[in-house]
Amino acid sequence: MDRESELDAFKQINLSLIASAHGYEIDRKKSTRHSVLMASGGDKIIIAQQGRHYVYCSVFDPSSAGTAIDFVQRVVEPGCSLGRVRQLLRPYLGGGQLANFQQQQQGRYQSDISASEPDLLGVAARLSRFETIETPHPYLCEARGIPFELLVSPRLDGRIRHCPRRGSIVFPHWGTAAAFESLAEAPTGYEIKGRGVNLFSKGGRKGLWASAGSPGDRVLAVAESGLDAVSYLAARGEEGTRVCSISGQMNPQQPALIQAAMEQLGHGAQVVPAFDNDAAGDVLTVKLEELVTGLARPDLQFRDDRPPTRGADWNQVVVEDAIKCGRINGSGMHFGR
């Protein structure tokens with residue numbers, strides 16, 4: 001093997017195995033089949049596969065990223081020469097030494113990592129910094145009227161995260177409708193909501209944000225944002241209802257994802273547009289009805305259930321109800337998107 005071929009072979013080594021051999025352990029709750037989160041001491045890294053190469057990036061140090069070669073020079077032995085890299089990585093190229101490594105690290109590394117799109121590595125790394133919601137959140141519960149018991153219910157368990165430093169809320173998007181049943185797929189991006197904040201993750205692509213599903217669900221409600229989807233659950237009740245968000249207008253990939261989600265519904269279920277009651281919501285409602293018709297499932301019912309007041313969204317409905325009931329203080333409230 002010539003020197004250039006050897007360097008390319010190094011990049012094809014499973015980085016999860018190398019990291020495990022140097023003290024990194026998998027956080028299985030935050031890992032998927034597309035990306036693996038591993039931690040060692042105060043360091044956390046995300047590992048993924050792009051094409052034939054395995055790559056990593058540090059959660060806390062954006063400059064620490066790249067292939068197995070970069071991992072050796074920046075993490076294993078910072079600043080070491082390329083010659084030293086060859087010495088350290090050659091045992092992983094095959095033969096008895098590789099077999100020994102695999103045997104020793106069995107259960108400590110992820111042997112099968114499915115290839116992901118190039119932007120998903122950074123998305124997964126940033127998303128791993130956010131935390132699940134375990135106490136009443138000021139923005140969601142106090143400013144937006146979402147009951148805390150709904151946020152920690154099985155329907156939303158693990159589906160919403162927050163940034164403790166900035167106070168913003170994050171709704172992860174997945175590129176498959178299977179996200180209703182499992183979070184095993186790699187996130188494609190995430191919505192960011194907060195006071196005066198309405199963004200989508202840098203480098204990400206919209207898929208679907210989804211609540212959990214259950215076999216007895218009879219309603220699928222599609223909303224423009226994760227906040228509106230959760231608000232729909234708060235207003236209408238979560239029993240038998242799964243919700244999802246498209247984060248604005250539909251992109252070319254989302255119609256197929258929505259139809260796949262519809263196909264999961266049982267006989268006689270309803271598909272509901274939970275969009276804003278405005279011109280943009282009108283367009284999305286027509287589009288959603290077309291997607292229902294395109295499935296050729298006459299048992300599926302289409303029922304428009306947007307807010308009754310023109311110009312309103314479902315979070316405004318929830319906030320107004322929470323103010324009337326005295327659950328939140330309405331002073332200084334605004335409904336900026």
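Residue-level analysis places GLY240 among those that are over 26 Å from ASN198 (Cβ atoms) and modelled with pLDDT of 95 or more. Residues of the range 170-222 being surrounded by fewer than 16 Cβ atoms within 10 Å (Cβ to Cβ), of a type in the set (Lys, Arg) and under 25 Å from GLU142 (Cβ atoms), which ones? Residue satisfying the conditions is ARG195 alone. Within the range 284-310, the only residue that satisfies the criterion of being touching a residue at least 24 places away in the same chain (Cβ under 8 Å), surrounded by fewer than 14 Cβ atoms within 10 Å (Cβ to Cβ) and in a helix (DSSP H, G or I) is GLY294.
Any residue at all in the range 271-283 that is modelled with pLDDT under 95, touching a helix residue (DSSP H, G or I) at 6+ places or on another chain (Cβ under 9 Å), surrounded by 16 or more Cβ atoms within 10 Å (Cβ to Cβ) and assigned by TED's automatic domain parsing to the domain that holds SER211? No, that holds for no residue.
Every residue, every condition in (1) assigned by TED's automatic domain parsing to the domain that holds THR176; (2) modelled with pLDDT of 90 or more; (3) assigned to a loop (DSSP other than H, G, I, E, B); (4) charged (D, E, K, R), yes or no:
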residue: LEU7; (1), (2), (3), (4): no, yes, no, no
residue: SER63; (1), (2), (3), (4): no, no, yes, no
residue: ARG84; (1), (2), (3), (4): no, yes, no, yes
residue: GLN87; (1), (2), (3), (4): no, yes, no, no
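Note on the range 153-199: residues that are of a type in the set (Val, Ile, Thr), within 19 Å of VAL222 (Cβ to Cβ) and not in a loop (DSSP other than H, G, I, E, B) total 1. Applying the condition of being of a type in the set (A, V, I, L, M, F, W, C) and surrounded by fewer than 21 Cβ atoms within 10 Å (Cβ to Cβ) to the range 18-38 and asking which residue is farthest from ARG108 (Cα to Cα) yields ALA21. Taken together, the residues in the range 209-232 that are touching a Lys or Arg at 6+ places or on another chain (Cβ under 8 Å), farther than 16 Å from ARG303 by Cα and not polar (S, T, N, Q) amount to 6. Quick test of your reading of the structure: PRO136 fulfils all but one of (1) assigned to a loop (DSSP other than H, G, I, E, B); (2) of a type outside the set (S, T, N, Q); (3) not assigned by TED's automatic domain parsing to the domain that holds LEU233. Name the failing condition by number. Exception for PRO136: condition (3). Checking each residue in the range 57-76 for being under 18 Å from TYR24 (Cβ atoms) and surrounded by fewer than 13 Cβ atoms within 10 Å (Cβ to Cβ) picks out only PHE60.
The values are calculated or read from the model by the stated rules, or taken from the named source; none is laboratory data. A quick note: this is a predicted structure, and the numbers were derived from the prediction, not measured. Neighbour counts are summed over all protein chains in view; Cβ atoms, including those assigned to glycine, are modelled from backbone coordinates with ideal geometry.
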